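Colleague: Sharing a structure here in structure tokens format.
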């Protein structure tokens with residue numbers, strides 16, 4: 001009885017895990033892209049407020065780094081989901 005269940009699970013689990021991994025990567029990518037979109041106005045605001053002051057420069061660099069990182073993570077997650085779906 002357990003051998004049949006084990007054989008069943010060995011066939012079913014791979015078929016379930018692949019779509020779940022794709023969906024997980026797409027959901028995480030969407031969240032990262034939403035966070036990046038939220039950071040874009042702050043980046044433009046920091047750019048407009050920049051006047052050469054070191055504090056303003058730090059704020060500008062920090063917002064650019066944050067927005068770029070979130071955008072990179074989001075795109076990377078979608079690319080990973082596409083790679084999984086094609087294999």
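The values are calculated or read from the model by the stated rules, or taken from the named source; none is laboratory data. Since the model is a prediction, treat every value here as computed from it, not as a measurement. Reconstructed Cβ throughout: ideal geometry from the backbone, glycine too, with neighbour counts over all protein chains shown.
Colleague: Give me the pairs, please: first residue somewhere in region 47-66 and within 20 Å of residue 36 (Cβ to Cβ), second residue anywhere and outside any helix (DSSP H, G or I), beta-carbon distance under 9 Å, and either six or more positions apart or on two chains.
Modeller: That search, which allows pairs on different chains as well, returns 59/50; 60/50.
Colleague: May I ask you to list pairs of residues, at least six apart or on different chains, whose Cβ atoms are under 9 Å apart, with the first in region 1-22 being closer than 28 Å to residue 82 by Cα and the second being modelled with pLDDT under 85 and exposed (fewer than 10 other Cβ atoms within 10 Å of the Cβ)?
Modeller: The qualifying pairs are 18/87.
Colleague: Just wondering, is there one or more residues in region 68-78 that are on the phi < 0 side of the Ramachandran plot and over 12 Å from the mean Cα position of the chain (by Cα)?
Modeller: no
Colleague: I'd like to check something: does region 11-21 contain any residue that is outside any helix (DSSP H, G or I) and modelled with pLDDT under 95?
Modeller: There is no residue in region 11-21 that is outside any helix (DSSP H, G or I) and modelled with pLDDT under 95.
Colleague: Next question, about the same structure. If residue 34 passes every condition in (1) part of a helix (DSSP H, G or I); (2) at pLDDT below 95 but one, which one does it miss?
Modeller: (2)
Colleague: Considering each residue of region 50-87, count those that are outside any helix (DSSP H, G or I) and either surrounded by 13 or more Cβ atoms within 10 Å (Cβ to Cβ) or touching a helix residue (DSSP H, G or I) at 6+ places or on another chain (Cβ under 8 Å) (or both), and give that number.
Modeller: 1
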